[in-house]
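The values are calculated or read from the model by the stated rules, or taken from the named source; none is laboratory data. Owing to the predicted nature of the structure, the values given are computational and were not obtained by experimental measurement. Neighbour counts are summed over all protein chains in view; Cβ atoms, including those assigned to glycine, are modelled from backbone coordinates with ideal geometry.
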Amino acid sequence: MEMLINSKHISTDKSMDVLNPYDNSIVDTIPIADKKITLDAIKSAKNAKESIVKLTSRQIYYNLNDACDELRENKKKIAKVITQETGKPIKGSLYELDRSIETLIFAAEESKRIYGESVPIDAGLGGENVIAFTKKIPLGCVAAITPFNYPVNLAIHKLAPALAAKNTVILKPSSEAPLSGLMLAEILANHFPNGVVNTVTGSGENIGDILVKNDDINKISFTGSIPTGIHIANNSGMKKITLELGGNDPTIVLKDADIEKAVKEVVNGAYLFSGQVCMGVKRVIVEHEIIDEFTQKLIEETRKLKVGNPSSTDTDIGPLINNKAVQNVNNKVEEAVSMGATIEVGGKIRNNFYWPTVISNVQEDMKLVSDETFGPIAPIIEAKDINHAIAIANNTHYGLNAGVFTNNINDAIKCANAIESGSVFINKASTFRTDNMPFGGFKNSGVGKEGIKYAVEDMCRTKLIGFNIK
Ligand code: NAD
């Protein structure tokens with residue numbers, strides 16, 4: 001595929017292959033942008049600012065709706081590309097498209113609800129005879145930098161609210177899985193004036209800083225790993241930034257929980273997209289009274305999962321994104337085993353596949369759980385009681401989502417208040433998100449919130465206008 005700059009398709013002499021993680025075949029190639037091309041994209045987005053600001057909110061609403069219709073028409077085609085470039089099982093890719101369509105609808109709706117407020121300015125000294133109100137105005141140009149794991153829905157969580165608030169955009173998708181995000185951007189661009197939606201492709205290390213440091217970019221909206229997020233925060237100067245970063249989400253199962261329900265949710269949460277999900281269940285913290293029963297049931301359910309070709313509709317577990325990712329997971333599992341952990345089921349590797357794996361006797365200081373492990377692992381940590389479970393859950397510099405299983409309302413409230421994360425779900429695993437809820441982590445898991453209403457707020461500036469009416 002090519003880049004899109006000022007509504008023109010751009011390629012370069014240098015390109016990189018996009019590989020299918022299932023069989024390492026080449027799906028397509030993408031151009032490698034250099035400094036000049038990246039600056040061209042910034043110029044295009046800057047020059048188009050006026051043309052989108054001129055559109056009425058009503059027009060923006062219709063444009064986003066029309067783009068949504070086009071996305072719906074191309075659902076199967078784009079889902080297939082997600083599966084080819086990420087190895088995500090096709091049922092997951094189709095679900096991602098369903099969510100993306102809904103995310104775009106949320107954004108269209110939100111484009112009509114960008115309100116300022118009247119300010120009682122006469123409440124302040126000197127404010128008599130002045131009336132004032134605020135307007136929410138666009139920031140200008142937004143650079144959206146996205147990761148490989150949800151290449152369409154995470155891109156739409158940035159592009160759609162940016163457009164709803166009348167900003168221009170540049171999408172820099174992950175080089176691992178850029179194609180479906182580029183297809184999405186092309187669809188959006190079809191419904192807006194030239195230059196409003198642009199894309200650049202290439203290595204984040206090479207072109208990332210050009211976007212991040214450029215004064216004509218007014219906001220960086222980033223989703224990805226913590227090290228890249230910290231790098232962006234350190235280099236973005238006075239720009240607004242939203243950082244949606246890594247997670248190490250705990251799911252606590254207390255002794256009075258519905259064990260069957262907890263097992264079902266943990267299976268989904270730990271193995272979804274082979275565990276390559278920021279809010280995946282990364283630590284299963286179980287009260288000691290029920291740990292044997294829980295572990296046994298989790299092993300049984302894990303055995304039922306079908307590992308295989310991600311294009312088959314009955315496949316549950318596909319490959320990881322590349323072999324480096326498999327080695328990362330394997331190294332952490334091997335270290336945990338050398339420190340006393342036990343592989344109960346799984347632990348098997350073939351090419352880019354890592355089998356869904358239950359690991360017991362896990363201790364908090366093992367890298368498998370002290371760090372984010374992006375793989376299909378359910379590591380079980382034993383807790384003495386609820387206070388111990390909360391302490392384990394909070395013993396991390398991450399704080400994205402958390403889940404708690406209990407039938408005791410007091411324990412539920414205690415956990416909800418004590419766990420330091422952006423969301424806490426009772427009787428659901430951490431791996432839960434709807435696209436309208438405020439989503440974003442505490443601690444090193446991020447800065448700011450996405451979820452369309454909240455992202456739109458963050459894509460605006462507040463201007464106060466006052467009148468002396470004396
Ligand atoms: P990554 O940080 O390696 O890459 C993300 C994006 O940043 C890519 O487009 C990459 O090219 C770009 N990039 C790399 N270096 C850059 C630089 N110096 N400047 C600017 N951009 C640069 O992340 P990944 O491996 O693609 O994704 C996995 C990570 O993303 C995990 O940590 C996961 O938890 C996190 N994630 C978080 C959320 C969330 O909403 N909190 C959602 C999905 C994924």
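Numerical summary
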read-out: Residue list for the range 434-449, filter: away from the ligand (no atom under 11 Å from the Cβ), surrounded by fewer than 20 Cβ atoms within 10 Å (Cβ to Cβ) and in contact (Cβ under 8 Å) with a residue 24 or more places away in the chain; value: Asn436, Phe442, Lys443
read-out: The listed residue being touching a residue at least 24 places away in the same chain (Cβ under 8 Å) and assigned to a loop (DSSP other than H, G, I, E, B), out of Gly269, Gly237; value: Gly237
read-out: Test: Phe467 is aromatic (Phe, Trp, Tyr), modelled with pLDDT of 95 or more and within 16 Å of the ligand (Cβ to nearest atom); value: no
read-out: Cross-chain or 6+ apart pairs with Cβ under 7 Å, the range 210-233 first and without any contact (Cβ under 8 Å) to a residue 60 or more places away in the chain, then within 11 Å of the ligand (Cβ to nearest atom) and among the polar types (S, T, N, Q); value: Lys213/Asn235
read-out: Selected residue [more than 8 Å from the ligand (Cβ to nearest atom), assigned to a loop (DSSP other than H, G, I, E, B) and either in contact with a strand residue (DSSP E or B) (Cβ under 6 Å, 6 or more places away or on another chain) or of a type outside the set (A, V, I, L, M) (or both)] from Lys264, Lys255; value: Lys255
read-out: Residues within the range 180-214 that are part of a loop (DSSP other than H, G, I, E, B) and either in contact with a helix residue (DSSP H, G or I) (Cβ under 8 Å, 6 or more places away or on another chain) or crowded, with 23+ Cβ neighbours inside 10 Å (or both), tallied; value: 11
read-out: Count - residues of the range 248-282 that are surrounded by fewer than 23 Cβ atoms within 10 Å (Cβ to Cβ), over 15 Å from Pro376 (Cβ atoms) and not small (Gly, Ala, Ser); value: 7
read-out: Residue tally, condition farther than 20 Å from Lys213 by Cα and touching a Phe, Trp or Tyr at 6+ places or on another chain (Cβ under 7 Å), over the range 229-251; value: 3
read-out: Test: residue in the range 132-142 that is under 25 Å from Ser203 (Cα atoms), within 16 Å of the ligand (Cβ to nearest atom) and surrounded by 15 or more Cβ atoms within 10 Å (Cβ to Cβ); value: yes
read-out: Output for the range 193-212, where each listed residue is farther than 16 Å from Lys158 by Cα and away from the ligand (no atom under 16 Å from the Cβ); value: Pro193, Asn194, Gly195
read-out: Filter result for the condition that a residue is within 16 Å of the ligand (Cβ to nearest atom) and closer than 20 Å to Asp23 by Cα, over Pro356, Pro319, Pro310; value: Pro319
read-out: Close pairs from the range 322-340: first on the phi < 0 side of the Ramachandran plot and among the charged types (D, E, K, R), partner in a helix (DSSP H, G or I) and at pLDDT 95 or above, Cβ under 9 Å, at least 6 apart; value: Lys332/Lys367; Lys332/Leu368; Lys332/Val369; Glu335/Lys367; Glu335/Leu368
read-out: Selection count where residues are among the acidic types (Asp, Glu) and touching a Phe, Trp or Tyr at 6+ places or on another chain (Cβ under 9 Å), scope the range 171-216; value: 1
read-out: Answer residue from the range 289-308, given it is touching a residue at least 40 places away in the same chain (Cβ under 8 Å) and over 15 Å from Asp258 (Cα atoms) and is surrounded by the fewest Cβ atoms within 10 Å (Cβ to Cβ) among those; value: Arg303
read-out: Selected residue (criterion: surrounded by the fewest Cβ atoms within 10 Å (Cβ to Cβ)) from residues of the range 420-429 that are within 14 Å of the ligand (Cβ to nearest atom) and over 14 Å from the mean Cα position of the chain (by Cα); value: Ser423
read-out: Lone unmet requirement of (1) in contact with a Gly (Cβ under 7 Å, 6 or more places away or on another chain); (2) more than 21 Å from Lys332 (Cβ to Cβ); (3) crowded, with 24+ Cβ neighbours inside 10 Å for Ile377; value: (2)
read-out: Ile217 more than 19 Å from Phe439 (Cα to Cα) and among the aliphatic types (A, V, I, L, M); value: yes
read-out: Output for the range 215-229, where each listed residue is surrounded by fewer than 18 Cβ atoms within 10 Å (Cβ to Cβ) and either more than 19 Å from Ser174 (Cβ to Cβ) or more than 10 Å from the ligand (Cβ to nearest atom) (or both); value: Asp215, Asp216
read-out: Only listed residue being crowded, with 24+ Cβ neighbours inside 10 Å, within 13 Å of the ligand (Cβ to nearest atom) and charged (D, E, K, R), chosen from Lys158, Lys166; value: Lys158
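The rows are residues; the columns are (1) more than 30 Å from Asn352 (Cα to Cα); (2) modelled with pLDDT under 95; (3) not charged (D, E, K, R).
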residue: Val18; (1), (2), (3): no, no, yes
residue: Ile30; (1), (2), (3): no, no, yes
residue: Lys36; (1), (2), (3): yes, no, no
residue: Asn65; (1), (2), (3): yes, no, yes
residue: Glu70; (1), (2), (3): yes, no, no
residue: Asn74; (1), (2), (3): no, no, yes
